[in-house]
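Contents: one structure, followed by commentary.
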Amino acid sequence: MDLHEEQVDEVTALSVKGRIDSTTAPAFGQRLESVVTAPAGRLVVDFRDLEYISSAGFRVLLVAAKRAEECGNRLVLCSLSGKVRQLFDLGGFLDLFTIAASRDDAMTAAR
């Protein structure tokens, strides 16, 4: 898994490439946690280049979403590919997150 972070105005955009599984989920979770618990933490996670996400990855996303809500911050996911979107659907996760079709839409939703 490769993470690329970019600050756009008051929103942090985190692009994920590769796989989020039991090996990579802890580092992914730590990065999410640090942004969503910061003052005025607004985070967009761009999954355009994500190949796979396991239950460990879903768990860290759920924890980050809960922490963002507790802190009054925002977490928006975007650009779910067909295969990854299917995993979100099968797991019943589509309704649990704010999901935008594009990064631009996600940046707007995160503000």
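The values are calculated or read from the model by the stated rules, or taken from the named source; none is laboratory data. Here the structure is a predicted model, which means the values were calculated and not measured. Neighbour counts are summed over all protein chains in view; Cβ atoms, including those assigned to glycine, are modelled from backbone coordinates with ideal geometry. All accessible areas refer to the heavy atoms of the entire protein, side chains included, with ligands and DNA or RNA removed. Shrake-Rupley method; radii C 1.70, N 1.55, O 1.52, S 1.80 Å.
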Notebook entry, point to check: Counting DSSP beta bridges in the chain, what percent are antiparallel, to the nearest 5?
Noted result: 30 percent
Next item on the list: Lys and Arg at +1, Asp and Glu at -1: add these up for the other residues within a Cβ distance under 11 Å of Arg103 and post the number.
Entry: -3
Next item on the list: Quick one: compute the contact order of the chain, relative version, from alpha carbon pairs under 8 angstrom and 6+ residues apart, as a percent.
Entry: 27 percent
Note to self: Given a 1.4 angstrom probe, what's the average accessible area per residue across the chain, in square angstrom?
What the structure shows: 53 Å²
Notebook entry, point to check: Quick one: helix 25-36 against the long Cα principal axis of the chain, what's the angle to the nearest 10°, folded into 0 to 90?
Noted result: 20 degrees
Check: Roughly how many percent of the accessible protein surface of segment 1-94 is carbon and sulfur, given a 1.4 Å probe and a whole-percent answer?
Finding: 47 percent
Note to self: Can you show me the helix-derived [θ] at 222 nm for the chain, built from DSSP H runs with n ≥ 4 at -39,500 (n - 2.57) apiece and divided by the number of residues, rounded to the nearest 500.
What the structure shows: -12500 deg cm²/dmol
